[in-house]
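Colleague: There's a structure below that I have some questions on.
The values are calculated or read from the model by the stated rules, or taken from the named source; none is laboratory data. Owing to the predicted nature of the structure, the values given are computational and were not obtained by experimental measurement. Cβ atoms come from the backbone with ideal geometry, glycine included; neighbour counts cover every protein chain shown. What goes into the accessible areas is simple: the full protein's heavy atoms, side chains included, and nothing from ligands, DNA or RNA. Shrake-Rupley method; radii C 1.70, N 1.55, O 1.52, S 1.80 Å.
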Amino acid sequence: MEAISKFIRMITFPELFKGMAVTAKYFFQRKVTEQYPDQKTILPYRTKGKLHVDIDKCISLCRFCEKVCPEGCIKVFPPPKELAKTDKRPVEFYINQEHCLHCGMCVDSCSTGAIHHSDEYELVVIDFKELLGDKETLPYDMIKKHYRWNYLENVPVKIKDSPLKEEEKSQ
Amino acid sequence: MMMTVLLIIVGALIALFAIGVVSFKHPVASAVSLLVGFLLVGVFYLLYGAEFVAAVQVMVYAGGIMVLYLMGVLFTDNEWIHVTRQTHLQAWIGLVLILAFFAFFGHKLFHSEYPAIENVASQTVVQKENKAEEKLGYLKRETNPRSVSVKLFSDYLIPFEAASVLLTVAVVGGIFLAKKEV
Amino acid sequence: MNAEKPSYMREVLETREMELNMGPQHPATHGVYRAILTLDGERIMKLNSVVGYLHRGIEKWAEYRTYQQGVPIYDRLDYLGAVLNNHGIVGAVEKLLQLEVPRKAEYQRVICDELQRLASHLMWFATHALDIGAMSVLFYGVREREPIMDLFEAHFGQRLLPNAYPIGGCRLDFPKGWTEACRKFLKALKPRIDDYETLLTGNRMWRQRTIGVGVISKEDAIAYGLSGPTLRGSGVCFDVRRSIPYSAYPEFDFEIPLGTNGDVFDRYLCRMKEMRQSIRIIEQALDGMPEGDLKGKAPKIMRAPMGEVYFTVEAAKGQLGYYIVSDGTDKPYRLHIKSPSFINLQGLNRMSEGALIADMVAIIGSIDIVLGEVDR
Amino acid sequence: MDTLLNLWSTIESWMLAFPVVIYLVKIGILLGCVFAVVAYITLAERRLLGFYQSRLGPNRVGPLGLIQPVADGLKCFLKEDIVPLNSNPLLFRLAPVFAFFPPFAGFAVFTFALPWVMPNGRTYHYSVADVDLGVLFIMAISSLGIFGLILAGWSSGSKYPLFGSLRSASQMLAYEVPLTLSVISVVMMAGSFRLSDIVAAQQAYKFYFFIPCIIGFVVYFISSVAEMNRTPFDLPEGESEIIGFHTEYSGMRFAFFFVAEYANVVFISMLAPALFLGGYDIPFVNDLALYGAHPNIVSILGVCSYAAKSTIFALFVIWVRATFPRYRYDQLLKIGWLVLLPIALANLFVVAGIKLFLLK
């Protein structure tokens, strides 16, 4: 009896039709493709994009970010000692975004929160020099250009009134 | 007239490719020209109205046997082909014999009568009344495969069966040879 | 009858072996791995592995970076299981510095580790099935992996190479809504895995391609030093999570799936079952998430004491070990990585004896190598 | 209207003076249609595979990606044409042509519908040459398709194509036999090699031949999938193992193989309805003409029905590709010789029994 049912299973391919039913099921389900340039991804708040520096906040003398960077792509030039007493802002601040791993260790180590990731992730340039950030290009106007996106609730939230922002500050 | 011209052209091409088979140095080139030769023989049959034989020729010789030949040739060592010579001393005698052969057949060709060659493609299915008998009417029509099979199973039954026995013997022999241990 | 051929046949019907380079640009080698196959027809007589096309000198590189600086680099070993690599190095440094990791951080690490294991297994599943010719499965696997990457991005900020844990604990708590999203994903994943099993496990073509192919016996598997699902497929119960417990794993209830024959199909089944176990572990961890501190007391500048330390974790591919020799400075004197892919790859020689080229592809898929890890 | 008819009759009389012109026009239309269908079946397959794999497939070129085939063709045309140093240049250039012509030549003997009747009573057939030996001709032509693959693989002078061609040659040899045998069972039922006769027989018997030849139909489906080199029998170009016989080809020459392959798909999925599914017969309505329909309406509906049947067949083939893994080389040959061949032979006996005892 078992042999007969085995034989019937052998010649009628039930398991193959089951497999085809699975693919047919996915045929009618929603597609997951994101059509990138038209339809941009909704980014979570913590996305590590291009690095930006709030030069005014930087105290430059600690150079923790420079020391901790595994790729050595950050260079900070603190002001001379006599100037540093009044104005601790760096004379020059370079970040080679081309080499940046986006590991976020500089952000962890910064005691004043001057350096931080933005949500710019489209780092394709024609001339690689565009990725060399200096004091002029590194600061970034968050409110004017960019919105943060709350990924988990799928609602665009302006950075100033993001609930996550407050939550994270308290941690 | 046009048929005769076509026949002569096709025949000349067949001869040309047949010469190619024996005179090309590279075995693959020989095999390819043999393939083209087979196809042209098929065309030859077609021109004489023997469609069935033409189709079988292409299917069996060109489609079946040539594939095996080619596979055999492709997967053997081809390094020796640079040192092979395809001609030898007997070639001259062979040439004389071939010329005599051609002369004989040429004489035959121009001094005998051939049956009129009929047009091959006939389109006679016309829709008249849609009854089943009408639809199966083609069963009464005389067609090429039908006439071949009638001949084969009436007049030539014994040779046909003998050939099948021969083929069976060949198959058994092939299995016997290919078997690893006897 | 005499088995020896007559002399004229020996001369004429001599066949020669053929050498075939599989790789380094072959799609089925999952990277830049090269196998020099000596073939008789399509049957493999001998296999000669050539590795090193992706050698990046990470072990040497580590000697010039401080312990902290090094952490994000080891993500790039097994780029499909980055978080697990991270756990390995972070654990080794913590063991070296004798740092206490908070319990909550350990739970968080377990969750992220298992998510990463799921992601890695899904990617293996996708590519392995593609190697054997099931094309749609590739996209299904990548589709299921996508939510994990999204979860990682929401938590760590990076998708593939997240630099997950700092030395001494974890950075941040899960963002708001993350736990629910994770549960939702796990709930959706379970029936999907069932679907894939209907698609492949019962399929006669899949079974014919995998059962009895690439067999490696229990003894051989141990002798070659295989680990992970490749070892467990042969029926050896060795899982670092259970045998050399680390992190919070002793607190969870999970099974270790074992195979019996040690063929491709068993390794496939092992990984499929492991995915279900990973889901189980994550659910337990999410339920029993303790309260407390996340960041441990790690010094800003880490000067390790003299000595050496070896720490292993169960990575997705097998046992991943970090061996650090410290000379008392803030940089390792020598760092060695016992990478599972490299050692599992040794077993390929034994597994592919007498296999066909098509089997070879299935076997490479079944031992799940990542060339970044093989060559380091 | 009258002027149009007058114009038509002058054209017609002119064409009747040179009958070759009718053939040429028919061949032109047929090849045009086949090329269009082949171009769009590539797009259809890519998009449908996308849907099966829960993605969208190519949809960027033109609305719904409809200009994609043109873009593909243009791309192939602009690519550099590479002839490897190690190759045999003549055969390397010749092989795509060998692969290219058989599937297209096969379309000549199809009949796509009942003839079209002009107002002046003259009929036009939907076929280039509906010869007596249609099926045999198709078998002969399709057996020539192997040469392109063998020569391509060998002349590339590389090992991977050689393996591909070795595999494809033995695969096609193995599956040609059950394919032919399953087709022979249909020929036996109809009693003619002519494709329009086979359809007429199905209309006359009032059932399609896949009912008596159900085993033959399954064998036909499996071995035609193998003949088309598609999953689960896509070994000649198993892209994860040996890449295939056209590894060394680029640009237009590769496009030749590509088009030939899809022409083969179209060809086989148009042959199946004619043999097993009643061809241009409209299902459930045994004879529209009996209800007094105009013959032209019948012929138009016939074309639609034929197209629908072959589309369903092609879709099924795509669905199979989306689902199954690939067989191994030796398993494939084993299935061909040890499973399908005996089944096809047994089917021949079954069909002969049906024809002898049930239909008389």
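Residues checked against (1) assigned to a helix (DSSP H, G or I); (2) away from every other protein chain (no Cβ under 14 Å):
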{"site": "C:286", "(1), (2)": "yes, yes"}
{"site": "C:290", "(1), (2)": "no, yes"}
{"site": "C:293", "(1), (2)": "no, no"}
{"site": "C:299", "(1), (2)": "no, no"}
{"site": "C:329", "(1), (2)": "no, yes"}
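Colleague: What are the residues in the stretch D:106-138 that are open to solvent by 10 Å² or more (accessible area, probe 1.4 Å) and within 7 Å of another protein chain (Cβ to nearest Cβ), if any?
Modeller: Across the stretch D:106-138, the qualifying residues are D:114, D:115, D:123, D:125, D:129, D:130, D:131, D:132, D:136, D:137.
Colleague: Now for a different question. Checking residue C:304 against (1) at pLDDT 85 or above; (2) touching a strand residue (DSSP E or B) at 6+ places or on another chain (Cβ under 6 Å), only one condition comes out false. Which one?
Modeller: (1)
Yes/no matrix, rows are residues, columns are (1) part of a loop (DSSP other than H, G, I, E, B); (2) among the charged types (D, E, K, R); (3) without any contact (Cβ under 8 Å) to a residue 12 or more places away in the chain; (4) more than 27 Å from residue C:247 (Cα to Cα):
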residue: C:127; (1), (2), (3), (4): no, no, no, yes
residue: C:131; (1), (2), (3), (4): no, yes, no, yes
residue: C:144; (1), (2), (3), (4): no, yes, no, no
residue: C:148; (1), (2), (3), (4): no, no, no, no
residue: C:159; (1), (2), (3), (4): yes, yes, yes, no
residue: C:163; (1), (2), (3), (4): yes, no, no, no
residue: C:173; (1), (2), (3), (4): yes, yes, no, no
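Colleague: Kindly evaluate residue D:96 against the criterion of being touching a His at 6+ places or on another chain (Cβ under 9 Å), of a type outside the set (Ser, Thr, Tyr) and outside any loop (DSSP other than H, G, I, E, B).
Modeller: yes
Colleague: Would you say residue D:165 is within 19 Å of residue D:260 (Cα to Cα), in contact with a helix residue (DSSP H, G or I) (Cβ under 7 Å, 6 or more places away or on another chain), assigned to a helix (DSSP H, G or I) and open to solvent by less than 10 Å² (accessible area, probe 1.4 Å)?
Modeller: yes
Colleague: Shifting gears a bit: Residues being within 14 Å of chain C (Cβ to nearest Cβ) and either free of Cβ contacts under 8 Å to residues at least 40 places away in the same chain or loosely packed, with under 15 Cβ neighbours inside 10 Å (or both): count how many of those fall in the stretch D:48-81.
Modeller: Adding up the residues that qualify gives 6.
Colleague: Looking at (1) within 14 Å of chain C (Cβ to nearest Cβ); (2) outside any helix (DSSP H, G or I); (3) open to solvent by less than 40 Å² (accessible area, probe 1.4 Å), can you tell me which one residue A:95 breaks?
Modeller: Tallying (1) within 14 Å of chain C (Cβ to nearest Cβ); (2) outside any helix (DSSP H, G or I); (3) open to solvent by less than 40 Å² (accessible area, probe 1.4 Å), residue A:95 fails exactly one: (1).
Colleague: Checking the condition at pLDDT below 85 and of a type outside the set (A, V, I, L, M), which residue from C:41, C:57 passes?
Modeller: C:41
Colleague: Oh, and also: Quick one: residue A:60 ticks every box in (1) of a type in the set (Gly, Ala, Ser); (2) closer than 30 Å to residue D:59 by Cα; (3) more than 12 Å from chain C (Cβ to nearest Cβ) except a single one, so which number is it?
Modeller: (2)
Colleague: Considering each of D:262, D:249, D:306, D:280 in turn, give the residue that is modelled with pLDDT under 85 and of a type in the set (Ser, Thr, Tyr).
Modeller: D:280
Colleague: Which of (1) among the hydrophobic types (A, V, I, L, M, F, W, C); (2) more than 12 Å from every other protein chain (Cβ to nearest Cβ); (3) open to solvent by 50 Å² or more (accessible area, probe 1.4 Å); (4) over 17 Å from residue D:262 (Cα atoms) does residue D:37 not meet, given it meets every other one?
Modeller: It fails just one condition, (4).
Yes or no, residue by residue, for (1) open to solvent by 60 Å² or more (accessible area, probe 1.4 Å); (2) within 14 Å of another protein chain (Cβ to nearest Cβ); (3) among the polar types (S, T, N, Q):
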site: B:4; (1), (2), (3): yes, no, yes
site: B:7; (1), (2), (3): no, no, no
site: B:10; (1), (2), (3): no, no, no
site: B:30; (1), (2), (3): no, yes, yes
site: B:41; (1), (2), (3): no, yes, no
site: B:51; (1), (2), (3): no, yes, no
site: B:58; (1), (2), (3): no, yes, no
site: B:74; (1), (2), (3): no, yes, no
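Colleague: With the requirement that a residue be part of a helix (DSSP H, G or I), of a type in the set (A, V, I, L, M, F, W, C) and modelled with pLDDT under 80, what does the stretch D:205-246 give you?
Modeller: Across the stretch D:205-246, the qualifying residue is only D:235.
Colleague: Can I ask one more? Does residue C:287 satisfy the criteria of being among the acidic types (Asp, Glu) and under 23 Å from residue C:205 (Cα atoms)?
Modeller: No.
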